[in-house]
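Read the structure below first, then the notes.
The values are calculated or read from the model by the stated rules, or taken from the named source; none is laboratory data. In this text, all values refer to a predicted model and were calculated from it rather than measured experimentally. So basically every Cβ, Gly included, is an ideal-geometry build from the backbone, and we count neighbours across all protein chains shown.
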Amino acid sequence: MNASRSIIFSLVAVGILVCLPLIGVAAGMTSFFGVIVPYLAVALFFIGVVARVVRWARSPVPFRIPTTCGQQKSFNWIKPDKLDNPWDNKGVVLRMILEVLLFRSLFRNSRMEFYEGPKIRYASAKWLWLGAIVFHYSFLVVLLRHLRFFSEPVSSLVHLLEGVDGFLEVGAPRLYISGLALLAGVAFLFLRRVTIPQLKYISLPSDYFPLFLIFAIAATGVLMRYIYKVDIVSVKELTMGLATFHPVVPEGIGSLFYIHLFLVSVLFAYFPFSKLVHMAGVFLSPTRNLPNNSRMVRHINPWNYPVKVHTYEEYEDEFREKMIEAGLPVEKKE
Amino acid sequence: MAQVPKADELAKVSHRPPETPWTETPVEFRPGTFCYGAKPKNLEVVGLPNPREWNPADEDWKLPDNWKDITLNGMKDRLDKFRSFKLFMDICVRCGACADKCHYYIGSGDPKNMPVLRAELIRSVYRKYFTGSGKIFSKYAGARALTERVLKEWFYYYYQCTECRRCSVFCPYGIDTAEVTMMARELLNELGCGIDWIAGPVANCYMNGNHLGIQPHAFKDMIEFFVDEIEEVTGVRVEPTFNRKGAEVLFITPSGDVFADPGTYTLMGYMMLFHEIGLDYTWSTYASEGGNFGLFTSHEMMKRLNAKMYAEAKRLGVKWILGGECGHMWRVINQYMDTMNGPADFLEVPKSPITGTVFENAKSTKMVHIAEFTADLIRHGKIKLDPSRNDNKIVTFHDSCNTSRAMGIFEEPRYILKHVCNHFYDMPEGTIREKTFCCGSGSGLNTDEYMEMRMRGGLPRANAVRYVHEKHGVNMLACICAIDRAVLPPLMNYWVPGVDVTGLHELVGNALVMTGEKKRTTDLRYEPLPGMEDEEDDDV
Ligand code: HEM
Ligand code: SF4
Ligand code: SF4
């Protein structure tokens, strides 16, 4: 499928997802969109992610195949690279923490530049890393800020986060950086996808769809907060009802809210069945989460099985005469 | 065999993807860009399926009737056995960080050589048959059916990946396309669709102990030839032994060192070093191959071929094993051998008889890398070196893919280099160590009918060599891999004429001051030593 068709398909899909709650709420299906769908989505999310991780975990790791990105541990007079070539679990944990929190491998990124000659250069390329960091961390902050809707009293940590996030102290309601950063991050990732020809070439509908979906979620969120205000007291009544398992559906919350909630639900439900499970998968990656110590400690393959080999005896049987003639030692003399 | 285009022709690479989406761009079997199919006799020797005469460029591949079932069952089996495979099928976000990291993509511009697309070739089939979304949404979920066209694409592109793992260094999730390639090649081999340049060495190695099928007496002869050569150069007669029980150490190196220049000079270097320090070691004619083309066939074949090392060490009753300079051999030893064929509890934890150093890092496999062994000797001042004998060589070092990204042996060879030669310059950061570029011919693709792709894939490596060639006058490319020694000379000839290729221990052999040696006038290649050019003339 070519890029424009993939993009159009994903846009239309998100468009339909926006319309569904619009129509549904107009038809009075508020408890369906306000209660049933969110519960289903959250259930799907947890069951799906757990099932996915279990499915991965059921396949064993027969061989120790870390990608070594630094000096091995050999002599005490050669400094080994604890992070990039860990030999024990401590090193692995550090390596993983840096991968997950700082996207360290992505930070290595470079860009190949091909000139006539030929001459090839490898230029620094940190934009993808920066974009990914902005996108993921703003997503995280936005998500955590939403805890205010699901707890009473609201934890002081959430207040702290809100304070930091809104440090600019402009506007009323106060402007949060994270919401805009999320939109900017998604926009960057999308623009990257359509402006870099190679990236455009490899992109599937399932690469555009989550970007559009998250963009729509963030956009409806921002709209609700700053422009088309919804009745926040009623919203909290609804979300607290969900959180305490005593769902209530107050009257008069704007349909914008239902669109927002529905899109979030779709994201949750979609998560385990899509590339978004990379969040869980990164922890299981055998090229990153194993120490490079298979010469020091024997790694066990649970399905190791005996194989047919050509034994020395068979070999000597074939070549005995020639071996004797050449003065090579043999096991059997005739 | 196809003529390789001239370098300035080949250098015109466009990285702009074609108009047609990749799923609708069929593969074209153009001579010079693919390897010959596995011959039936080689498959028969090791009992691999579907032996027949076939040519990848033919329309009819003579596949078994149930080839699709075999392949899908094979996929399922491997998804259940390898977490790596399953995970790598699921979590790629197509961020493209790996895309321009592959030497074949850089040198060919073919988008399916971007690691991410290479993996998508099989991932798309995975989605179709093994995921719910793929079954329901089909191509909208990036899924596609397994057809003969897809299979041919697999063959073409999974034998255009050298399993170098460079892509996995940059992937945020460590997705290793080499691992995906290994799975794909296993599947292709279940249909008899491997390449002959791998199947041949596998069959030879299985029956005769080494890739060329050198028989025991000939193996001994060939090594003894180099004993004479060493005597010619140094006046010292070294005395290798073969299949000797009770030796302390079993030495195994790729057989390439025994039969092809410039590997043979490295072989001479090993033997001179062992003689000088009085190492109690033996060769084996049965385990006469360090390399393992099973790694490029299937995990099972890798195990079948590797088994000889421990079996022979046990039969001969040695204490530990010393391994020569080789890339993929060391991937097998470091990441697979002990798991597959261990535990080696009949051996002892390796200890250098010269320095007393215990190789704790090899305490389970009981196998030591020669660069570790020699670096330890130098560190303890146990050998006398005259690096000025290599003064006419301005040296740079090529980190082999496997020893870099599947082991991490970076400092040992450099430490040795700095003691055996006076002029050493590394290539630019980003092209060495964990980011090193492949020679372009690894993983069993070092065959002549594939020369165009080899030159393309080797371009990034050659480009970095040219940089130090122009900047520092580098004229010698050192390496610790037998495939490198075989394939870098034509690569250098093609892209950077004026740069020669050497093994690490050839330089050691040149610099090594041996007890009782005559006044040396030439290096191991019979080229005059620096300052000896005139004396050489006198002799003639
Ligand atoms: C925990 C470790 C995580 C790591 C290391 C990680 C890393 C990455 C990276 C490197 C990208 C590539 C950016 C691109 O596509 O161009 C990406 C994409 C993405 N990630 Fe994560 N991520 C993590 C967790 C998460 C989580 C928790 C979410 C939650 C929604 C998430 C959602 C996404 C989405 C939607 C994209 C798609 C962006 C696109 O398609 O361009 N990730 N991630
Ligand atoms: S770097 Fe990793 S996640 Fe990104 S496209 Fe390549 S394989 Fe996929
Ligand atoms: S393993 Fe090496 S050759 Fe294969 S796709 Fe990755 S970078 Fe390319």
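Taking the condition of being in contact with a helix residue (DSSP H, G or I) (Cβ under 6 Å, 6 or more places away or on another chain), outside any loop (DSSP other than H, G, I, E, B) and within 11 Å of ligand 2 (Cβ to nearest atom), how many residues in the range B:95-107 meet it?
Count: 2.
What's the total number of residues in the range A:202-219 that are at the interface with chain B (Cβ under 8 Å from one of its Cβ atoms) and away from ligand 3 (no atom under 16 Å from the Cβ)?
5
Going through the range A:37-85 one residue at a time, which ones are closer than 23 Å to residue A:295 by Cα and either more than 10 Å from chain B (Cβ to nearest Cβ) or aliphatic (A, V, I, L, M) (or both)?
A:61, A:65, A:78, A:82, A:83
I'd like to verify a number: residues in the range A:149-173 that are at negative phi and in contact (Cβ under 8 Å) with a residue 24 or more places away in the chain, how many?
Qualifying residue count for the region: 6.
Looking only at the range A:300-315, count how many residues are surrounded by fewer than 19 Cβ atoms within 10 Å (Cβ to Cβ), facing chain B (nearest Cβ under 8 Å) and either over 30 Å from residue A:97 (Cβ atoms) or within 16 Å of ligand 3 (Cβ to nearest atom) (or both).
Number satisfying all stated conditions: 6.
Residue-wise test of (1) surrounded by fewer than 23 Cβ atoms within 10 Å (Cβ to Cβ); (2) within 16 Å of ligand 3 (Cβ to nearest atom).
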residue: A:255; (1), (2): yes, no
residue: A:258; (1), (2): no, no
residue: A:262; (1), (2): no, no
residue: A:267; (1), (2): yes, no
residue: A:270; (1), (2): yes, no
residue: A:285; (1), (2): no, yes
residue: A:291; (1), (2): yes, no
residue: A:294; (1), (2): no, no
residue: A:298; (1), (2): yes, no
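Just give me the residues in the range B:233-246 being away from chain A (no Cβ under 11 Å) and either touching a residue at least 60 places away in the same chain (Cβ under 8 Å) or buried (at least 22 other Cβ atoms within 10 Å of the Cβ) (or both), in sequence order.
Result: B:233, B:234, B:235, B:236.
Out of (1) within 15 Å of ligand 2 (Cβ to nearest atom); (2) touching a residue at least 60 places away in the same chain (Cβ under 8 Å), the odd one out for residue B:199 is which?
With (1) within 15 Å of ligand 2 (Cβ to nearest atom); (2) touching a residue at least 60 places away in the same chain (Cβ under 8 Å) applied to residue B:199, the lone miss is (1).
Report yes if residue B:81 is without any contact (Cβ under 8 Å) to a residue 40 or more places away in the chain, within 16 Å of ligand 2 (Cβ to nearest atom) and over 24 Å from the mean Cα position of the chain (by Cα), otherwise no.
Taking the combined requirement at face value, the residue does not satisfy it.
Look through the range A:6-20, keep the residues that are touching a residue at least 40 places away in the same chain (Cβ under 8 Å) and either under 20 Å from residue A:189 (Cα atoms) or of a type in the set (Asp, Glu) (or both), and return whichever of them is nearest to the other protein chains (Cβ to nearest Cβ).
A:9
Return yes or no: is residue B:144 touching a helix residue (DSSP H, G or I) at 6+ places or on another chain (Cβ under 7 Å), touching a residue at least 40 places away in the same chain (Cβ under 8 Å), on the phi < 0 side of the Ramachandran plot and away from ligand 3 (no atom under 16 Å from the Cβ)?
Considered against the rule, which asks whether it is touching a helix residue (DSSP H, G or I) at 6+ places or on another chain (Cβ under 7 Å), touching a residue at least 40 places away in the same chain (Cβ under 8 Å), on the phi < 0 side of the Ramachandran plot and away from ligand 3 (no atom under 16 Å from the Cβ), residue B:144 comes out as yes.
Which residues, counting only those in the range B:78-94, are in a loop (DSSP other than H, G, I, E, B) and away from ligand 1 (no atom under 16 Å from the Cβ)?
Selection gives B:82 alone.
Among the helices (runs of 4 or more DSSP H) lying completely within the range A:79-150, list those that include at least 1 residues that are within 16 Å of ligand 3 (Cβ to nearest atom) and surrounded by 14 or more Cβ atoms within 10 Å (Cβ to Cβ).
Output list reads A:104-107.
When the range A:118-138 is examined, which residues are found to be facing chain B (nearest Cβ under 7 Å) and either of a type in the set (D, E, K, R) or over 19 Å from the mean Cα position of the chain (by Cα) (or both)?
A:118, A:119, A:120, A:122
Just to be sure, is residue B:287 closer than 22 Å to residue B:212 by Cβ, over 16 Å from the mean Cα position of the chain (by Cα), surrounded by fewer than 24 Cβ atoms within 10 Å (Cβ to Cβ) and small (Gly, Ala, Ser)?
Working: closer than 22 Å to residue B:212 by Cβ: yes; over 16 Å from the mean Cα position of the chain (by Cα): yes; surrounded by fewer than 24 Cβ atoms within 10 Å (Cβ to Cβ): no; small (Gly, Ala, Ser): yes.
Considered against the rule, which asks whether it is closer than 22 Å to residue B:212 by Cβ, over 16 Å from the mean Cα position of the chain (by Cα), surrounded by fewer than 24 Cβ atoms within 10 Å (Cβ to Cβ) and small (Gly, Ala, Ser), residue B:287 comes out as no.
Does any residue in the range A:93-108 that is under 16 Å from residue A:286 (Cα atoms) come within less than 7 Å, Cβ to Cβ, of a residue that is surrounded by 17 or more Cβ atoms within 10 Å (Cβ to Cβ) and among the small types (Gly, Ala, Ser) six or more places away or on a different chain, and which pairs are these?
Partner pairs satisfying both residue conditions: A:99/A:105; A:105/B:174.
Please specify each residue of the range B:356-398 satisfying the condition of being buried (at least 18 other Cβ atoms within 10 Å of the Cβ) and of a type in the set (Asp, Glu).
Scanning the range B:356-398 gives B:372, B:376.
Find the residue count for the range B:129-150, including only residues that are more than 12 Å from chain A (Cβ to nearest Cβ) and closer than 22 Å to residue B:99 by Cα.
Initially, the range B:129-150 is screened for residues more than 12 Å from chain A (Cβ to nearest Cβ), giving B:129, B:145-150.
Still in the running and closer than 22 Å to residue B:99 by Cα: B:150.
So the count comes out to 1.
Quick check on the range A:192-214. Is at least one of its residues without any contact (Cβ under 8 Å) to a residue 60 or more places away in the chain, part of a loop (DSSP other than H, G, I, E, B), assigned by TED's automatic domain parsing to the domain that holds residue A:233 and away from ligand 2 (no atom under 16 Å from the Cβ)?
no
Only helices (runs of 4 or more DSSP H) wholly contained in the range A:251-334 count here; list those with 3 or more residues that are free of Cβ contacts under 8 Å to residues at least 40 places away in the same chain and over 30 Å from residue B:360 (Cβ atoms).
Result: A:312-325.
Of the residues that sit in the range A:151-201 and are within 30 Å of residue B:118 (Cβ to Cβ) and surrounded by fewer than 16 Cβ atoms within 10 Å (Cβ to Cβ), which one is farthest from ligand 3 (Cβ to nearest atom)?
Selected residue: A:187.
How many of the residues making up the range B:57-99 are of a type in the set (Val, Ile, Thr) and facing another protein chain (nearest Cβ under 7 Å)?
2
Please count how many residues of the range B:363-393 are facing another protein chain (nearest Cβ under 10 Å), under 27 Å from the mean Cα position of the chain (by Cα) and in contact (Cβ under 8 Å) with a residue 24 or more places away in the chain.
So the count comes out to 10.
Looking at the range B:162-219, which of its residues are within 16 Å of ligand 1 (Cβ to nearest atom) and of a type in the set (A, V, I, L, M)?
B:169, B:175
Got at least one residue in the range B:113-127 being away from ligand 2 (no atom under 16 Å from the Cβ), touching a residue at least 60 places away in the same chain (Cβ under 8 Å) and either crowded, with 20+ Cβ neighbours inside 10 Å or under 20 Å from residue B:31 (Cα atoms) (or both)?
No, the range B:113-127 contains no residue that is away from ligand 2 (no atom under 16 Å from the Cβ), touching a residue at least 60 places away in the same chain (Cβ under 8 Å) and either crowded, with 20+ Cβ neighbours inside 10 Å or under 20 Å from residue B:31 (Cα atoms) (or both).
So, in the range A:221-250, exactly how many residues are among the charged types (D, E, K, R) and in a helix (DSSP H, G or I)?
3
Please specify each residue of the range B:185-196 satisfying the condition of being surrounded by fewer than 24 Cβ atoms within 10 Å (Cβ to Cβ) and either farther than 13 Å from residue B:82 by Cβ or within 15 Å of ligand 3 (Cβ to nearest atom) (or both).
B:188, B:190, B:191, B:192, B:196
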